[in-house]
Each structure stands twice: as structure tokens, then as C-alpha cells.
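**Q** Below is the structure I would like to discuss, written out as C-alpha cells.
The values are calculated or read from the model by the stated rules, or taken from the named source; none is laboratory data. This structure is a prediction, so every number in the text was calculated from the model and none was measured. Positions of Cβ are generated from backbone atoms using ideal geometry, with glycine treated the same way; all protein chains shown enter the neighbour counts. Just the protein is used for accessible areas: all its heavy atoms, side chains included, with ligands, DNA and RNA removed. Shrake-Rupley method; radii C 1.70, N 1.55, O 1.52, S 1.80 Å.
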Amino acid sequence: MAATNLSQHLNPVDQYQRPLRDLRISVTDRCNFRCPYCMPAEVYGERYKFLPRAEILTFEEITRFTRLFTSLGVSKIRLTGGEPLIRADLSQLIGMLSAIPEVEDLTLTTNGYLLEKFADQLVDAGLRRITVSLDSLDEDVYKEMNGRNFGTENVLKGIAAAEKAGLSPIKINAVVEKGVNDHTLVDLAKHFKGSGHILRFIEFMDVGNLNGWNMDKVVPAKDIISAISAELPLEPVDPNYLGEVARRWRYADGEGEIGVITSVTEPFCGDCTRARLSTDGKLVTCLFAEDGTDLRGPMRSGASDEELLDLISGTWRGRDDQYSVERTAMLKSGIERPAKKIEMYQIGG
Ligand code: SF4
């Protein structure tokens, strides 16, 4: 990186004094699933036009952005999508990112369907841990929730291959939607209890604009915990670090832990240190943002590192996002929520 006056940019904090620590990078807007809460098939059909290749960040651009963000204080990188494993030669990018000394934690979120095929090469390239989405072990429920009628077999084989390849910890994410999969959560917990994998339940959120969200479809985290604890007693555990997304609970018998992501009923915006880089190179400062700051344009127009650092740190300093906190107030007062938000598959969950 050319000699730049880094000191003036180092460790920017936003309007709520939150530092910039995590960067989620969407490496593709495409996915092999059609989960109704993210990319409903009736909207994203066979003819849907996703971003043309020329508009998607190249590996070199992603790597340069990562260098810039890490020079500002970012240490954790999460690769997302869409489905990151469908981006060709993804291991090449993982190799480029894991070579950046400031990247202390490099992880990836996948639906796991292709994981068995790629697990070894991901590890060889430098990936150390992974998160797999698996909303249910009930075949019919799972087929409904991935919108493609895919069974659980490939994903379970993918998790086993990831474990064999040495990825650890392996986290399993399950979005909980009332009346859809909430009756299958205890089975999911029983399956992964004692496995060493960390199962996390995510309160159904109003991400994007297409998932028909309302509060009646939300199972509060406290109800998820009490449902599981009724059969598998749990006790609360302190967070690992500031800004940890999941609330931690461990099995009283010592057979591992689970987590709950409580964006709706217990917002955690207060220590949110996450930025997102969209597939087409926008800096997005909240999962529920309506838009982002274009970084790809200036980079492709020849902006220097200094100019890009100005843009990134300036955007972060101006950040005042706390949507989940505001959502609670909006719901209470009946104020309309933002009409148009960026779709989750363009910025990663
Ligand atoms: S709602 Fe936005 S600000 Fe709040 S925790 Fe989520 S991403 Fe962070």
C-alpha cells in the first residue's frame, strides 16, 4: 500500500462511538437456493437478471478494499453472498485475503449445499472456520425453507466434510419463523448437542423488502430458549467479545453451547461494529440500510489509497445506524418502517 498518512484515518468511530472491526463481503449476488425470507423464487425466477460480471468486484478489488479496511482497524472478515461457494475460484480469493497480516479472523457463511466439494480447498487456502445455514432437519420443512426442494443430505455431508478438513468452530445458523420451522428446533438442538458445533437460532427479521415479515411470524429468543431448555437444560454464558452477535447459552450438562440472535426483541445495535461491502462495491453500514456509499466507482476511476480511506473512514464517522432499536420504537408507535431497503443477498446476512 502506497505511503499514506494512515494516522488520521486509524480506528474511526461512528456517531455512537462504535469502532469499525468487522467487514462482511458479498462475493456474489447469486444463489443456488431460493429461501422465501431472502430470495423468493417467485421474484428471482430463471429469467431474473443478476449483476453482470463487469459490475461485480474482482478478487483484486476485494483484496485491495480489505487491505484498506484492515488499515482502519478491521480484523474480522466474513465472506457472504448470495451463496459464496458458487463464485468460481473462491479459494483463490481466500488465499489472497488470508495473506493479509491484519486479517486475524477469516470466515464464510454458506448454505452448505456445495461444501462437501470445497471443504478441503477452502482450508488449504487459509479458511479456519465456517458458518452453515440449516433451518431445520425436518425434510419437508427444510425443502420449503430453501425454496428449491433440496433435502438436508448434502448440507449434513458438507458439515461433516468441513469438520474432517479441520474447520473449527463450525457454527450452524437457523432462522426461526413461527408456524414454519419453530416446531422442529428441539430436534435440531438434539442433533448438534455434544457435536462441538455451535447452533445459533436467528429471530426472523424484516431484511430486504420481500419476505412478508411481521411480528406475528417472530418467535422471541426467550421462547426459543425456554422451548429447548425444557428438554435440554441451558444456562447463560458471557459474550466472547464486544459486538458478538449471538447471545450465548450452554447446556447444563456441559455438552456444548448454542446461541440466539435477538435483533428484533433484544436489539444489539449499541455495539455493532459491522460494515458490509456489497457485491457491486458499495459500503453499507447496516443490514437494514436503504443504500450505501459507492467505493467501486472511485477505485475504478483511479482513486488513491488515501482518497479511498477518506471515503471509507468518512462514511463510517457519519454512521448513525441503529435500525433494530428504531424498529422497536416504530412498531410501538405504528410509524411506517423504511419502504425500500437493500436486499440481504446483495450484502450478506
Ligand atoms: S440493525 Fe444495523 S446497526 Fe443494528 S446491529 Fe443490525 S446491522 Fe448493526
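**Q** Mind checking the dipole of region 234-304: about its Cα centre, +1 per Lys or Arg Cβ, -1 per Asp or Glu Cβ, Debye to the nearest 20? If you can, show how the numbers build up before the last one.
**A** Numbers: 8 positive and 12 negative charges, 94 e Å.
The dipole of region 234-304 has a size of about 460 debye.
**Q** While we're here: Can you work out the Karplus-derived ³J(HN,Hα) for every residue in region 203-216? Use 6.51 cos²θ - 1.76 cosθ + 1.60 with θ = phi - 60°, whole Hz, and x for glycine or proline.
**A** 4, 4, 10, 7, 6, x, 10, 10, 9, x, 5, 7, 4, 5
**Q** How large is the dipole of region 6-347 about the Cα centre if only Lys and Arg carry +1 and Asp and Glu carry -1, each at its Cβ, rounded to the nearest 20 debye? List each step's numbers first, then the result.
**A** Numbers: 42 positive and 52 negative charges, 70 e Å.
For region 6-347, the charge dipole is close to 340 debye.
**Q** To the nearest Å, what is the center-to-center distance of region 184-219 and region 78-115, using C-alpha atoms only?
**A** Between the Cα centre of region 184-219 and that of region 78-115, the gap is 23 Å.
**Q** Turning to a different aspect of this structure: Loop only by DSSP, 15 or fewer other Cβ within 10 Å of the Cβ. Give me the chymotrypsin sites (Phe, Trp or Tyr not before Pro) in region 232-295 that pass, ordered by residue number. Walk me through the numbers before you get to the answer.
**A** Values: sites: TYR241, TRP249, TYR251, PHE268, PHE288; in loops: TYR241, PHE268, PHE288.
When the chymotrypsin sites (Phe, Trp or Tyr not before Pro) of region 232-295 are filtered for loop state and at most 15 Cβ neighbours within 10 Å, TYR241 remain.
**Q** Using helices alone, I'd like the mean residue ellipticity at 222 nm for the chain: each DSSP H run of four-plus residues gives -39500 (n - 2.57), total over residue count, nearest 500.
**A** Details: 10 runs with 100 residues, N = 349.
Using -39500 (n - 2.57) per qualifying helix, the result is -8500 deg cm²/dmol.
**Q** Using DSSP to call loops (not H, G, I, E or B), can you name the GluC sites (Glu not before Pro) in region 98-138 whose Cβ has at most 14 other Cβ atoms within 10 angstrom? Could you put the intermediate results ahead of the total?
**A** Numbers: sites: GLU102, GLU104, GLU116; in loops: GLU102, GLU104.
Filter output for region 98-138: GLU102, GLU104.
**Q** Amide H neighbours of ILE198 under 5 Å, counting only residues 5+ apart in sequence or on other chains, H built in-plane at 1.01 Å?
**A** Under 5 Å from the amide H of ILE198 lie the amide H atoms of ILE170, LYS171, ILE172, each far enough along the sequence or on another chain.
**Q** Taking only the alpha-carbon atoms of region 129-280, what semi-axes of the equivalent ellipsoid follow from 5 times the gyration tensor eigenvalues under a square root, in whole Å, largest first?
**A** Working: eigenvalues 88, 82, 67 Å².
One finds semi-axes of 21, 20, 18 Å for region 129-280.
**Q** According to the square roots a ≥ b ≥ c of the eigenvalues of the Cα gyration tensor, what is the shape class of region 1-154, taking rounded for a/c under 1.5, prolate for a/b larger than b/c otherwise, and oblate for the remainder? Mind showing how you got there, number by number?
**A** On the way: a/c = 1.99, a/b = 1.85, b/c = 1.07.
In terms of gyration-tensor shape, prolate.
**Q** Over region 6-347, with the other protein chains present, what is the accessible area per residue in square angstrom, probe 1.4 angstrom? Present the calculation step by step, with values, prior to reporting the outcome.
**A** Numbers: 14500 Å² over 342 residues.
Per residue, region 6-347 has 42 Å² of solvent-accessible surface.
**Q** Based on DSSP loop calls and a cut-off of at most 10 other Cβ atoms within 10 Å, the longest stretch of the chain free of exposed trypsin sites (Lys or Arg not before Pro) is what? Present the calculation step by step, with values, prior to reporting the outcome.
**A** Values: sites that count: ARG47, LYS49, LYS340.
In the chain, the maximal stretch lacking such sites is 50-339.
**Q** How large is Rg/Rh for region 249-349, to two decimals, with Cα atoms and a Kirkwood Rh? The partial results should precede the final answer.
**A** On the way: Rg = 17.4 Å, Rh = 15.9 Å.
Here Rg/Rh amounts to 1.09.
**Q** I'm a student and want to see the number: the projected area of the Cα convex hull of the chain, averaged over all directions, in nm². Walk me through the numbers before you get to the answer.
**A** Details: hull surface 68.1 nm².
Average projection, Cα convex hull of the chain: 17.0 nm².
**Q** Output wanted: per-residue J couplings in Hz (rounded whole) for region 42-53, from phi through Karplus 6.51 cos²θ - 1.76 cosθ + 1.60, θ = phi - 60°, x for Gly and Pro.
**A** Once θ is set to phi - 60°, the couplings for region 42-53 become 5, 9, 9, x, 4, 8, 4, 8, 7, 4, x, 3 Hz.
**Q** Say the cut-off is 20 Å between C-alpha atoms; which of LYS171/LYS340; LYS164/LYS193; LYS157/LYS193; LYS117/LYS157 go over it? Walk me through the numbers on the way to the answer.
**A** Working: LYS171/LYS340 31 Å; LYS164/LYS193 18 Å; LYS157/LYS193 17 Å; LYS117/LYS157 10 Å.
Cα-Cα > 20 Å for LYS171/LYS340; rest within.
**Q** Roughly what % of DSSP beta bridges within the chain run antiparallel, to the nearest 5?
**A** If I count the DSSP bridges inside the chain, around 35 percent turn out antiparallel.
**Q** Here's something else I'd like to know. Could you tell me what percent of the accessible area of the chain is made up of carbon and sulfur, with a 1.4 Å probe and every protein chain present?
**A** Details: 7460 of 14950 Å².
The computed percentage sits at 50.
**Q** Provide Rg over Rh for region 103-159; use the alpha carbon set for both Rg and the Kirkwood Rh (inverse mean inverse pair distance). Each step should come with its number before you reach the end.
**A** Numbers: Rg = 12.7 Å, Rh = 12.1 Å.
Value, to two decimals: 1.04.
**Q** Moving to a separate point now. Enumerate by residue number the GluC sites (Glu not before Pro) in region 11-66 meeting two conditions: DSSP loop (anything except H, G, I, E, B), and at most 11 other Cβ atoms within 10 Å of the site's Cβ.
**A** Details: sites: GLU42, GLU46, GLU55, GLU60, GLU61; in loops: GLU42, GLU46.
In loop regions of region 11-66 (DSSP not H, G, I, E or B), the sparsely surrounded GluC sites (Glu not before Pro) are GLU42, GLU46.
**Q** Which lysines, on any chain, are close to LYS341 with Cα under 24 Å apart, when same-chain ones fewer than 8 places away are left out?
**A** Partners within reach: LYS49, LYS178, LYS217, LYS282, LYS332.
**Q** While we're here: Using a 1.4 Å probe on the protein heavy atoms only, what accessible surface does LEU114 show? Give it in Å² to the nearest 10.
**A** The accessible area of LEU114 comes to roughly 50 Å².
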